[in-house]
Number of protein chains: 2
Amino acid sequence: MTVAARRGRPGHSLDSLLDVAVEVFNERGYEATSMDSLAERLGVTKSAIYHHVPSKVELLRLALDRALDGLFAVLAEPAATSGPAIDRLEHVVRGSVRVLTGELPFVTLLLRVRGNTEVEQHALGRRREFDRVVTDLVRLAEDEGSVRPDVDPAVTSRLLFGTVNSLTEWYRPGGPLTPDALADALVTTLFTGLRTTPPDFFGKKSR
Amino acid sequence: MTVAARRGRPGHSLDSLLDVAVEVFNERGYEATSMDSLAERLGVTKSAIYHHVPSKVELLRLALDRALDGLFAVLAEPAATSGPAIDRLEHVVRGSVRVLTGELPFVTLLLRVRGNTEVEQHALGRRREFDRVVTDLVRLAEDEGSVRPDVDPAVTSRLLFGTVNSLTEWYRPGGPLTPDALADALVTTLFTGLRTTPPDFFGKKSR
DNA sequence: CCTACCGATCGGTAGG
DNA sequence: CCTACCGATCGGTAGG
């Protein structure tokens, strides 16, 4: 393609538009973000954005699907579908950390969705489906004797993924903590516990 | 006071106004909530709200202070300031769960704040101060040998309170899970771990 | 991609 | 002069 063949401004791709939109949605909130403020950040007019997407909510849908598709892909991986439940659970946790760190802004946006629009409600539905799969996995691990039976599987899975999801609040890529090291710290803490020695482990009072 | 001495409508108190405001802020986001929508929920006009508070941001300030005051009160309790660091840490975790469940809407709002206004930035500053106290406590517990030393104290404290804070995403009072049972499940999971037996605990391969 | 707009709604305030 | 509001409207900005 010759230079002369290019018409108009270089412009933005849908991907770069989506990156900026998600960044601003995370800063200000989806509803509080105006299309004009997006346009200003992109250095174009509001109407230019409507060349790429038909509506504001379509930007949200694209962003949420990207996060959800990544998370569901983890559930479909071989290591998540066969073997001891405790190992499958650990794989899902590590895979979720990998997707969360790799697609951080998209997962962050997903976790802030409150169901105010149909698009948000659909995303919440997919999140609930993900939670069901994880809860079933925790229940299976309890049945197999590898997870402590004294905590309800639904509560356990929520604590587990509450911890994973909370990473969006502070983890920033490019720092000293790599995604793999982060996953190690999280799995160690949640699977083995913070304490050096479990209390009453040898049948004596710990204090 | 006689009945005849009361003038005007019975009206709303500042407290009931604040309760409704925080509820709507959590549903729609602070910025996306209009004073008119608050007025509609209260069954009064917008002007009536301005009789109680000088501005929208003042409602936010009152709500965030209530959450932060509750959390800082936990840090000042005797059980949080003396004794073995691991026990002080457990007390702060249990106290935070108690405040979170007791003042759920206020803490939920606090955790959604992103620093878009001066009031929000002040709240974020107080949250960072809380985090520093917890991190110091984790470091102390590591020095005392009661918390595993192979995870950075800053990471540990973030995982710990990431899990606590994630409770706002799913815990609802009035259900079968009491605040105390919730705190037990969380402390068990995080301090002792999900696994029934730590791998390599007796020097043999666990799998 | 822009200029030029729309129906409606924003946070906040007037007099009574 | 008080508390507890109301009906109407201000100058600007929202998504499309």
Under a point spin-label approximation (7 Å from Cα along Cα-to-Cβ), what is the A:A48-A:V133 distance to one decimal in nm?
-> 3.9 nm
Report, for A:P78, each distance to the same residue's label point in the other copies, shortest first and in nm; define the point 7 Å along Cα→Cβ.
-> 6.1
Compute the Rg/Rh shape ratio of the range B:11-54: radius of gyration over Kirkwood radius, all on alpha-carbon atoms.
-> 0.92
Copy-to-copy spacing for A:V133, label 7 Å out on the Cα-to-C-beta vector, in nm, shortest first?
-> 4.1
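Ignoring ligands, DNA and RNA, please state the percent of accessible area on the protein assembly as shown from carbon and sulfur, probe 1.4 Å. Walk me through the numbers on the way to the answer.
On the way: 10820 of 20780 Å².
In the protein assembly as shown, the share of accessible area belonging to carbon and sulfur is 52 percent.
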Where the label is 7 Å out from Cα toward Cβ, how close does B:D180 come to the same position in every other copy, in nm, shortest first?
-> 4.6
Taking only Cα atoms of the protein assembly as shown, the Rg to Rh ratio with Kirkwood Rh works out at 1.02
Part-to-part distance (alpha-carbon centres) for the range B:50-126 and the range A:103-180, which is given in Å = 24 Å
dims of the range A:26-136, Cα set, principal axes, largest to smallest, nearest Å -> 54, 24, 22
Closest to the A-onto-B rotation axis, which residue of chain A has its Cβ, and how many Å off the axis is it?
-> A:G193, 2
Between chains A and B, what is the buried accessible area summed over both chains (1.4 Å probe, protein heavy atoms, nearest 100 Å²)?
-> 4400 Å²
Just the accessible area for A:D143, please: 1.4 Å probe, Å², rounded to the nearest 10?
-> 120 Å²
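Between B:A79 and A:S16, what is the FRET efficiency for a Förster distance of 60 Å, r being their Cβ-Cβ separation, to the nearest 0.05?
Numbers: r = 53 Å, r/R0 = 0.88.
Efficiency, rounded to the nearest 0.05: 0.70.
Could you tell me which GluC sites (Glu not before Pro) in the range A:57-145 are loop residues by DSSP with no more than 14 other beta carbons within 10 angstrom of their beta carbon?
Values: sites: A:E58, A:E90, A:E103, A:E118, A:E120, A:E129, A:E142, A:E144; in loops: A:E103, A:E144.
Listed in order of number, the matching sites are A:E144.
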Heavy-atom surface of the range B:11-54, accessible at 1.4 Å and reported per residue (Å²) | 53 Å²
Normalising by the residue count of the range A:15-71, find the relative contact order in percent from Cα pairs under 8 Å and 6+ residues apart.
-> 35 percent
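Suppose only helical runs count, i.e. DSSP H with n ≥ 4. What mean residue ellipticity at 222 nm does that imply for chain A under -39500 (n - 2.57) per run, divided by all residues and rounded to the nearest 500 deg cm²/dmol?
Numbers: 10 runs with 131 residues, N = 207.
Computed ellipticity for chain A at 222 nm equals -20000 deg cm²/dmol.
Using only alpha carbons, build the gyration tensor for chain B and give me the equivalent ellipsoid semi-axes, biggest first, whole Å. All intermediate terms of the calculation are to be shown ahead of the outcome.
Working: eigenvalues 343, 59, 54 Å².
Equivalent ellipsoid semi-axes, largest first: 41, 17, 16 Å.
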Amide H contacts under 5 Å for B:V147, placed H, 5+ residues apart = A:T196, B:E142
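The values are calculated or read from the model by the stated rules, or taken from the named source; none is laboratory data. Because the structure is predicted, anything quoted here is derived from the model rather than measured. So basically every Cβ, Gly included, is an ideal-geometry build from the backbone, and we count neighbours across all protein chains shown. What goes into the accessible areas is simple: the full protein's heavy atoms, side chains included, and nothing from ligands, DNA or RNA. Shrake-Rupley method; radii C 1.70, N 1.55, O 1.52, S 1.80 Å.
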